[in-house]
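What follows is a short report on a single structure.
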Amino acid sequence: MEFKELEDLIKTRKSIRRWQEKPVSGNMLLKAVELATWAPNGGNIQNWYFYIITDKKTIKAIADAVQSSVDLMASWPEADEIGDTFKNFSRFSTFFRSAPAAIAVASSRYQSIADRLLERREKVDPKAKEMRGWRNVADSRIQSTSAGVAYLLLILHQMGLGATWMTGPIQAAGAIQKILNVKPEWEIVTFIPVGYPDDQPRPRSRKPVGEVTECIR
């Protein structure tokens with residue numbers, strides 16, 4: 001792949017929220033996941049697990065679980081304080097119900113050598129506690145899983161599929177984990193509906209690189 005092709009792939013990928021009814025091959029998704037597992041990850045632990053879902057009943061069950069959690073949240077008085085922002089969130093929380101396929105991504109807990117040392121030391125040393133707090137801001141397992149998901153979205157786009165990276169369903173993670181029979185040592189961290197796009201999202205720009213970069217020379 002030439003650099004320009006890579007640039008075009010990255011810049012043309014968009015979050016897709018409407019799909020054709022055309023089914024998606026499970027083998028196609030399996031290949032996408034295989035390539036995604038070559039993403040960088042902490043200590044090469046590869047602490048990710050991918051649930052490829054092509055069964056519409058399972059996707060519906062997950063959507064129902066998410067809707068139940070959203071309805072509960074909407075019943076709280078604090079939701080009225082947030083106002084229209086939460087109403088918009090709740091209205092579109094289960095748009096993925098119509099997706100032909102989905103990939104749920106789980107991660108197991110991971111502690112680096114530094115984390116293990118700081119965990120032991122922080123009980124008696126305020127500086128160690130502070131250092132561990134800094135490291136927790138950039139949780140290793142979430143960084144690793146996110147790298148895999150970023151790869152996955154680009155691969156799916158290259159395959160002609162449309163997807164979107166969702167963290168909203170995680171408020172129903174307990175129910176989703178039961179539906180997918182996730183092992184106790186794993187936790188769902190993101191949900192990605194997938195299908196052939198039936199959506200033309202508005203073009204979105206990015207901030208100029210000068211606004212988000214500082215070169216220290």
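The values are calculated or read from the model by the stated rules, or taken from the named source; none is laboratory data. Note that the coordinates shown come from a computational prediction; the quantities given were computed from them, not determined experimentally. Here the Cβ positions follow ideal geometry from the backbone for every residue, glycine too, while neighbour counts run over all protein chains shown.
Which count do you get for residues in the stretch 11-24 that are surrounded by 12 or more Cβ atoms within 10 Å (Cβ to Cβ) and either among the hydroxyl-bearing types (Ser, Thr, Tyr) or not in a strand (DSSP E or B) (or both)?
9
Give the stretch 91-111 a look and list any residue that's touching a helix residue (DSSP H, G or I) at 6+ places or on another chain (Cβ under 6 Å) and surrounded by fewer than 17 Cβ atoms within 10 Å (Cβ to Cβ), or say none.
Matches in the stretch 91-111: Arg97 only.
How many residues, within the stretch 127-164, are part of a loop (DSSP other than H, G, I, E, B) and either at pLDDT 95 or above or within 14 Å of the chain's Cα centre (by Cα) (or both)?
Final tally of qualifying residues: 4.
Which one is surrounded by the fewest Cβ atoms within 10 Å (Cβ to Cβ) among residues in the stretch 153-202 that are free of Cβ contacts under 8 Å to residues at least 24 places away in the same chain and over 21 Å from Ala61 (Cα atoms)?
That would be Arg202.
Restricting attention to the stretch 73-107, which residues are of a type in the set (Phe, Trp, Tyr), assigned to a helix (DSSP H, G or I) and either at pLDDT 90 or above or under 20 Å from the mean Cα position of the chain (by Cα) (or both)?
Hits for the stretch 73-107 are Phe89, Phe95, Phe96.
Can you tell me which of (1) closer than 13 Å to Pro100 by Cβ; (2) in a loop (DSSP other than H, G, I, E, B) is the one Met1 doesn't meet?
Condition not satisfied by Met1: (1).
Before we move on, is Leu118 of a type outside the set (D, E, K, R), assigned to a helix (DSSP H, G or I), within 30 Å of Thr54 (Cβ to Cβ) and over 18 Å from the mean Cα position of the chain (by Cα)?
So Leu118 does not fit the description; no.
Does Pro169 satisfy the condition of being under 17 Å from Val105 (Cβ atoms), in a helix (DSSP H, G or I), of a type outside the set (Lys, Arg) and under 16 Å from the mean Cα position of the chain (by Cα)?
Criteria met by Pro169.
Please give the number of the condition Tyr49 fails out of (1) surrounded by fewer than 17 Cβ atoms within 10 Å (Cβ to Cβ); (2) at pLDDT 95 or above.
Every condition holds for Tyr49 apart from (1).
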